[in-house]
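Accompanying notes for the structure given below.
Read-outs: derived from the displayed coordinates by stated rules, not from any lab. Given the structure is predicted, the values throughout are model-derived calculations rather than measurements. Cβ atoms come from the backbone with ideal geometry, glycine included; neighbour counts cover every protein chain shown.
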Amino acid sequence: MSTSGQFAITSTAFKEGEAIPEKYTCDGKNISPPLKWSFAPAQTRSFALIVDDPDAPAGVWVHWVILNMPPTTSELPESIPKERSLRDGTLQGKNDSREIGYDGPCPPGGTHRYYFKLYALDAMLKLPAGVTKPEVLKAMEGHIVAQAQLMGRYSRK
């Protein structure tokens, strides 16, 4: 934990505003990309991550909900298993495909933006695995101490 610097999330797979490699999409292996963050506030007790696409035809489409990552966590490796609970107690929620875990970009047309929103929280969320984005957002109210974001783009060939 650090109190200096700005809370930030990055990926070795793509940079801010760049194309997300096909490997991490429905056209590839559909596995989660590697993510890393730094400068989490000292009062962080857990992290939550929500990945969504605001350009989806039916409105915002949720691709990944992950919560209660321990405060010592500073990265997620590539290809997080699509399991409700991970070994360290991290929980995964349901995406808008009604599945647990990561569901990669798969836009029906055009180029879409995918926002990886990381939240540093001053509490563990009292929620079970399999929750949805609205449930997580409600539980986070009043507990967000910092937020970082990484945006990637994808369009199908």
Under the 0.36 nm per residue contour assumption, what length would be gained going from the current alpha-carbon distance of Ala42 and Asp122 to full extension?
27.9 nm
Using a basic spin-label model with each label point 7 Å from the Cα along Cα→Cβ, how many nm lie between Glu99 and Ala8?
3.3
Leaving out same-chain residues fewer than 8 places away, which aspartates and glutamates sit with a Cα under 18 Å from that of Lys94?
Asp52, Asp53, Glu83, Asp103, Glu135
For the chain, set up a Gaussian network in which alpha carbons nearer than 10 Å are linked by springs, and say which option among Phe47, Phe116, Phe14 fluctuates the most.
Phe14
Using a Förster distance of 22 Å, how high is the FRET efficiency between Gln147 and Asp27, based on the Cβ-Cβ distance and rounded to 0.05?
0.15
Gaussian network model of the chain, Cα within-10 Å springs - most flexible of Leu91, Leu125, Leu137:
Leu137
Dipole magnitude of region 8-154 about its Cα centre, charges +1 at Lys/Arg Cβ and -1 at Asp/Glu Cβ only, in debye to the nearest 20?
260
Long-range amide H contacts for Gly101: which residues qualify at under 5 Å (H placed 1.01 Å from N, peptide plane, sequence gap of 5 or more or a different chain)?
Val65, Gly93, Asn95
Using Cα pairs under 8 angstrom and six or more residues apart, how large is the relative contact order of region 8-154, in percent?
31
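Work through the residues other than Asp103 whose Cβ is under 12 Å from its Cβ and net out their charges, Lys, Arg +1 and Asp, Glu -1.
Overall, the nearby charge balance is -1.
Using a 10 Å cut-off around each Cβ, can you sort Val65, Val136 from fewest to most neighbouring Cβ atoms? Walk me through the intermediate numbers first.
Working: Val65 29, Val136 22.
Sorted ascending by nearby Cβ count, the order is Val136, Val65.
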Estimated FRET transfer efficiency (Thr132, Ser85; beta-carbon r; R0 22 Å; 0.05):
0.85
With the chain treated as a Gaussian network of Cα nodes joined by springs under 10 Å, which of Ser32, Ser97, Ser46 yields the largest mean-square fluctuation?
Ser97
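By the gyration tensor of its Cα atoms, with a ≥ b ≥ c the square roots of the eigenvalues, what is the shape of region 1-94: rounded for a/c under 1.5, prolate for a/b over b/c, or oblate? Write down the numbers at each step before the final one.
Values: a/c = 1.69, a/b = 1.39, b/c = 1.22.
Here region 1-94 falls in the prolate category.
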Quick one: length gained pulling Tyr115 to Arg156 fully straight, 0.36 nm per residue minus the C-alpha distance?
13.0 nm
Take the alpha carbon atoms of region 129-157, find their center, do the same for region 1-68, and report the distance between the two centers in whole angstrom.
8
So I have [x] 11.2; [y] 13.4; [z] 8.4, and one of them is mean projected area of the Cα convex hull in nm² calculated from this model. Which one is it?
[z]
